[in-house]
1. Check residue B:16: other-chain or 5+ apart residues with amide H under 5 Å from its amide H, H built from backbone geometry?
2. What is the sum of charges, Lys and Arg at +1 and Asp and Glu at -1, for the other residues whose Cβ falls under 13 Å from the Cβ of residue B:20?
3. Could you pull out every one of the lysines with an alpha carbon less than 19 Å from that of residue B:92, ignoring same-chain neighbours closer than 8 positions?
4. When a footprinting reagent is the concern and you count Cβ atoms within 10 Å, what order do B:20, B:1, A:1 take, fewest first?
5. Once phi is turned into ³J(HN,Hα) by the Karplus curve 6.51 cos²θ - 1.76 cosθ + 1.60 with θ = phi - 60°, what whole-Hz value does each residue of the stretch A:57-70 show in order, with x for glycine and proline?
6. Which cross-chain or sequence-distant (5 or more) residues have an amide H under 5 Å from the amide H of residue A:82, H modelled 1.01 Å from N in plane?
7. In whole Å, how far is the Cα centre of the stretch B:1-67 from that of the stretch A:1-20?
8. Can you sort B:42, B:29 so the residue with the fewest Cβ neighbours within 10 Å comes first?
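Values in this text are rule-based calculations from the coordinates and carry no lab data. What you are looking at is a predicted structure, and each value in this text was computed from that prediction instead of being measured. Reconstructed Cβ throughout: ideal geometry from the backbone, glycine too, with neighbour counts over all protein chains shown.
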Amino acid sequence: MPENDRISLLRAHLDQALSPVRLEIVDESHKHIGHAGAGGGGHFNVTVVSPAFAGKSTLERHRLVYLAVAVLMRTEIHALGIRALTPEEEKDGCQ
Amino acid sequence: MDVMDRIKSTVASNPVVIFMKGTPDFPQCGFSMRTVQALKACNVDFAYVDILAEPEIRASLPGFSNWPTFPQVFINGEFIGGCDITLDLFQKGELQIMAAQVATKN
């Protein structure tokens, strides 16, 4: 699948599940061309800013993100780098 | 022993274990490489499973841990996270503390 379609799919799934106030998706697939483990899927870094993360640990936040894109993890996505912040945390400039 | 029992026994019998692509000396993926470097920097003994050589574990571990990607790090039987979380813990100094506690206990 072309990269732009993958990004649209990712965006659609994350929008629907987490209603982010900001969502940034960076395609890093070019860094993984020819590497043994990639299996044809893309590699993306996502920054998701959503109130849905409030009161949740990093592990729980990442699980929410993976859950939102679960159907894509089997085929279209090989790896996902995740930054998951609440709107308040982003305003404070912390991680 | 079926594959789920093998996973449980690996996680239970090793205070620190990483399921990764490749080996600590020859990682086959940048994420596995960075995560294993953080573990090495903690000066703790850790076990590893090369999931490229263990297709059954590769297929079953995500269901066990409720986590879809590799690497995966377990400390004291508990799933800690993948690359992002492990590196985050390392940068905050928390991984070093967890490792030191493991080293003292054993």
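1. Under 5 Å from the amide H of residue B:16 lie the amide H atoms of B:47, B:76, each far enough along the sequence or on another chain.
2. +1
3. Residue B:92 reaches A:56, B:40.
4. So the residues, fewest neighbours to most, are B:1, A:1, B:20.
5. Along the stretch A:57-70, the couplings run 6, 4, 4, 5, 5, 5, 5, 4, 5, 4, 4, 4, 10, 3 Hz.
6. The answer is A:46.
7. 29
8. Ordered by Cβ neighbours within 10 Å, fewest first: B:42, B:29.
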